[in-house]
Each structure stands twice: as C-alpha cells, then as structure tokens.
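Undergrad: Let me begin by handing over the structure; questions about it come next.
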Amino acid sequence: MTRPDFPANSVVELVAAARAAPGKIILASPGFAATQHFAGELFKLRAEVNLLHVPFRSSPEAINAVLGKHADVLFDTVSALIGQVQAGSLKALAVTDKNRFPAVPDVPTVMESGVVPNYDVTSWYGVFGPPGMAPPVVGKLNKTLNEIIADEKVRERLVAAGVVVKGSTAEEFGRLLTDESDRWNAVREAAGIARQ
C-alpha cells in the first residue's frame, strides 16, 4: 500500500524503485516485530531489496505516516486499509496472500508480479482456550464456531470487512501454529531481528 502520488503503481515498479535507491524507500509498520513488519521483511528478502523499516505504535499511525509522506509504503491487513483504498486516499499495489482477496478482487497478488517469488502472507484469527481443555469441549467449541462462520450473513459481513473466511479443525489449527512459528522464526533470523 502506498499513497496515490507515490511513483510506483505496481509491485514491479516498487521493486525497481527500491533497487535503484537502496534504503531510501521508507516501509512503515504498525509495530516492531508485528506481523506486518515481518511481512515487509519477507518481501525485502524475497525481492532482494533494501527498504528502511520505520515502526509506528499502531496501524492508524502507520497509515497517517504514509498519508503525510513521512513513509512511502505500508504492509497491513486488508481490513485495516480497505476504507482508505475505496476512498482513493491510499493506493493498493498488491495483496500479500497467494490468492486475490474477495473484498478487493481487482488488486493483484504480490506473486502475480513475477518479481517476488514464493511470497504468501495471510493474517489469520484463531480461538484459544486454557491448556488442558477437555477434548469434548474443544470439539463442541470448534463445531459451534465453524457453524457461525458458515452462516451466510456472517460470511458476507466478514468478506466486506476484508476477511477471507475459512474454518478448520483443532488439529489443523495446531499444525498451522507450528508451521507459522517455524516460518516466521526463519524470517526473523534472516532479517537479523532478535528474539523478543
């Protein structure tokens, strides 16, 4: 995401601009070591570019920094940015998921650019319980939550807010947590970010 007057209008143009001026393009994020920061770090690694990361305290602060020309680009969730994109105050260069988002179907994916290989970043939400929760309780909660997100009205509201709706089993969610932890730990190490 960037502001309308930023010269890059695509991921290809952003990568070219970053390669032409290493360390000069400012990448805002809503916090050091936040998911959005790591999404930017993965982008830098995969695109082999040097963007200057500047963390802010929140998404609204990072968005305002881009709007106020104190930063150039921002990685954040579709739900945090959809209003500004639809109003024309921010320009979407790409979505980070491997698939286009239903809420912004005309915005290409980063991978569609062809210059950032194997780039797939999706924020996700999950429901957790205390350690040792009884399996029947986990099963009942999982079934109920999957029924809720299967409701057409709930799905419509979530999609309109920029969310991709997908349920899972508790076991699938556990595997996702392990995979995500391994993946982002590798990005953290490659980017030289100390474990917090």
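Undergrad: Got at least one residue in region 104-126 being of a type in the set (Phe, Trp, Tyr), over 16 Å from the mean Cα position of the chain (by Cα) and open to solvent by 40 Å² or more (accessible area, probe 1.4 Å)? Before the answer, list the steps.
TA: Here is the first cut: in region 104-126, the ones of a type in the set (Phe, Trp, Tyr) are 119, 124-125.
Filter once more, keeping what is over 16 Å from the mean Cα position of the chain (by Cα): none.
So far as region 104-126 goes, no, none of its residues is of a type in the set (Phe, Trp, Tyr), over 16 Å from the mean Cα position of the chain (by Cα) and open to solvent by 40 Å² or more (accessible area, probe 1.4 Å).
Undergrad: Another question, then. Tally up the residues in region 185-194 that are touching a residue at least 40 places away in the same chain (Cβ under 8 Å), assigned to a helix (DSSP H, G or I) and either open to solvent by less than 40 Å² (accessible area, probe 1.4 Å) or out of contact with any helix residue (DSSP H, G or I) (no Cβ under 6 Å at 6 or more places or on another chain) (or both), please.
TA: To start, the set of residues in region 185-194 that are touching a residue at least 40 places away in the same chain (Cβ under 8 Å) comprises 187-188, 190-191, 193.
Next, from what is left, pick out any that are assigned to a helix (DSSP H, G or I): 187-188, 190-191.
Now restrict to residues that are either open to solvent by less than 40 Å² (accessible area, probe 1.4 Å) or out of contact with any helix residue (DSSP H, G or I) (no Cβ under 6 Å at 6 or more places or on another chain) (or both): 187-188, 191.
Result for region 185-194: 3.
Undergrad: Please go through region 18-46 and give me each residue that is open to solvent by less than 40 Å² (accessible area, probe 1.4 Å), more than 20 Å from Thr122 (Cβ to Cβ) and in a helix (DSSP H, G or I), ordered by number.
TA: Matches in region 18-46: Ala18 only.
Undergrad: Need pairs with beta-carbon distance below 7 Å; first residue among the β-branched types (Val, Ile, Thr) and within region 16-31, second in a loop (DSSP other than H, G, I, E, B) and open to solvent by 10 Å² or more (accessible area, probe 1.4 Å); sequence gap 6+ or separate chains.
TA: Matching pairs, first to second residue: Ile25/Asp72; Ile26/Asp72.
Undergrad: Among (1) of a type outside the set (A, V, I, L, M); (2) in a helix (DSSP H, G or I); (3) open to solvent by 70 Å² or more (accessible area, probe 1.4 Å), where does Glu180 come up short?
TA: Among (1) of a type outside the set (A, V, I, L, M); (2) in a helix (DSSP H, G or I); (3) open to solvent by 70 Å² or more (accessible area, probe 1.4 Å), the lone unmet condition for Glu180 is (3).
Undergrad: Another question about this same structure. So, in region 85-103, of the ones that are of a type outside the set (A, V, I, L, M) and open to solvent by 50 Å² or more (accessible area, probe 1.4 Å), which residue ends up farthest from Ala161 (Cα to Cα)? Reasoning before the result, please.
TA: First, the residues of region 85-103 that are of a type outside the set (A, V, I, L, M): 86, 88-89, 91, 96-102.
Okay, now just the ones that are also open to solvent by 50 Å² or more (accessible area, probe 1.4 Å), so 86, 98-100, 102.
Working: Gln86: 12, Lys98: 19, Asn99: 17, Arg100: 15, Pro102: 10 Å.
Top of the filtered list is Lys98.
Undergrad: Looking at region 152-177, which of its residues are surrounded by 12 or more Cβ atoms within 10 Å (Cβ to Cβ) and outside any helix (DSSP H, G or I)?
TA: Ala161, Gly162, Val163, Val164, Val165, Gly167, Ser168, Thr169, listed by residue number.
Undergrad: Quick one: count up the residues across region 51-70 that are open to solvent by less than 80 Å² (accessible area, probe 1.4 Å), more than 16 Å from Ile82 (Cβ to Cβ) and of a type outside the set (Phe, Trp, Tyr).
TA: Count: 8.
Undergrad: Would you call Leu145 under 14 Å from Met1 (Cβ atoms) and either within 18 Å of the chain's Cα centre (by Cα) or not charged (D, E, K, R) (or both)?
TA: Numbers: under 14 Å from Met1 (Cβ atoms): no; either within 18 Å of the chain's Cα centre (by Cα) or not charged (D, E, K, R) (or both): yes.
It is false that Leu145 is under 14 Å from Met1 (Cβ atoms) and either within 18 Å of the chain's Cα centre (by Cα) or not charged (D, E, K, R) (or both).
Undergrad: Given the options Val49, Val85, Val54, Val66, name the one that is in a strand (DSSP E or B) and either among the β-branched types (Val, Ile, Thr) or under 26 Å from Arg19 (Cβ atoms) (or both).
TA: On the way: Val49 fails: in a strand (DSSP E or B); Val85 fails: in a strand (DSSP E or B); Val66 fails: in a strand (DSSP E or B).
Just a single option satisfies the conditions, and that option is Val54.
Undergrad: Sort through Asn99, Asn118 and tell me the only one that's within 23 Å of Ala18 (Cβ to Cβ) and part of a loop (DSSP other than H, G, I, E, B).
TA: On the way: Asn99 fails: within 23 Å of Ala18 (Cβ to Cβ).
Among Asn99, Asn118, only Asn118 is within 23 Å of Ala18 (Cβ to Cβ) and part of a loop (DSSP other than H, G, I, E, B).
Undergrad: Confirm whether Gly132 is farther than 30 Å from Lys44 by Cα and loosely packed, with under 12 Cβ neighbours inside 10 Å. Spell out the reasoning first.
TA: Details: farther than 30 Å from Lys44 by Cα: yes; loosely packed, with under 12 Cβ neighbours inside 10 Å: yes.
So Gly132 fits the description; yes.
The values are calculated or read from the model by the stated rules, or taken from the named source; none is laboratory data. Quick caveat: nothing in here was measured; it's all calculated off a predicted structure. Counting neighbours? That spans all protein chains shown, and the Cβs are built from the backbone with ideal geometry, glycine included. Ligands, DNA and RNA are stripped out before the accessible areas are found, and what is left, the full protein with its side chains, is counted by its heavy atoms. Shrake-Rupley method; radii C 1.70, N 1.55, O 1.52, S 1.80 Å.
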